[in-house]
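The values are calculated or read from the model by the stated rules, or taken from the named source; none is laboratory data. These numbers come from a predicted model, not from an experiment. Heads up, the Cβs are rebuilt from the backbone with ideal geometry, glycines too, and the neighbour counts pull from every protein chain shown. Protein only, heavy atoms only, side chains kept; ligands, DNA and RNA dropped before computing areas. Shrake-Rupley method; radii C 1.70, N 1.55, O 1.52, S 1.80 Å.
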Amino acid sequence: MNDILDEIEELNLAYLLLAQRMLHGDRTSAMFRLKIDDKMAELLLSLNARQLAKLARTNQLLCHFGHDSAERLRQVTHNQREQGLSHFHASLLMACRQEELAVGA
């Protein structure tokens, strides 16, 4: 069990560092890709190294699947489109959840 907790900590820290790097680079795009709002973006950017390490040590994964529907994930992974359009199609499918949440709010 300790090995799994160590791996969760590593993954959490990598995720948090990536999120910060993405937010520093292109905040709007990062917020969309991370599926976070402005308040969460501000909070993530404000965390220092010590706070990031503390947060990473939680025994829960901080990142999660961007899909709550197995069918939508199946559509992304079993895409029969031409190679040139597959990334575009996957992006549209993955973006749907964000839009659905915005409409439902």
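The residue that is modelled with the lowest pLDDT, among those in the stretch 1-30 that are in contact with a helix residue (DSSP H, G or I) (Cβ under 8 Å, 6 or more places away or on another chain) and among the hydrophobic types (A, V, I, L, M, F, W, C), is Ala30.
Beta carbons closer than 9 Å, at least 6 apart along the sequence or on distinct chains, pair a first residue in the stretch 26-39 that is more than 16 Å from Leu62 (Cβ to Cβ) with a second that is open to solvent by 30 Å² or more (accessible area, probe 1.4 Å) and polar (S, T, N, Q) for Phe32/Gln98.
The set of residues in the stretch 1-17 that are more than 16 Å from Gln51 (Cβ to Cβ), of a type outside the set (Val, Ile, Thr) and either surrounded by 14 or more Cβ atoms within 10 Å (Cβ to Cβ) or touching a strand residue (DSSP E or B) at 6+ places or on another chain (Cβ under 6 Å) (or both) contains only Leu11.
Applying the criterion of being at pLDDT below 90, small (Gly, Ala, Ser) and surrounded by 11 or more Cβ atoms within 10 Å (Cβ to Cβ) to the residues of the stretch 50-91, the residue that is nearest to the chain's Cα centre (by Cα) is Gly66.
Test Met94 against the stated conditions and say whether it is more than 14 Å from the chain's Cα centre (by Cα) and modelled with pLDDT under 90. Criteria not met by Met94. For the stretch 31-49, what are the residues that are surrounded by 16 or more Cβ atoms within 10 Å (Cβ to Cβ) and either among the aromatic types (Phe, Trp, Tyr) or at pLDDT 95 or above (or both)? Selection gives Ala41, Leu44.
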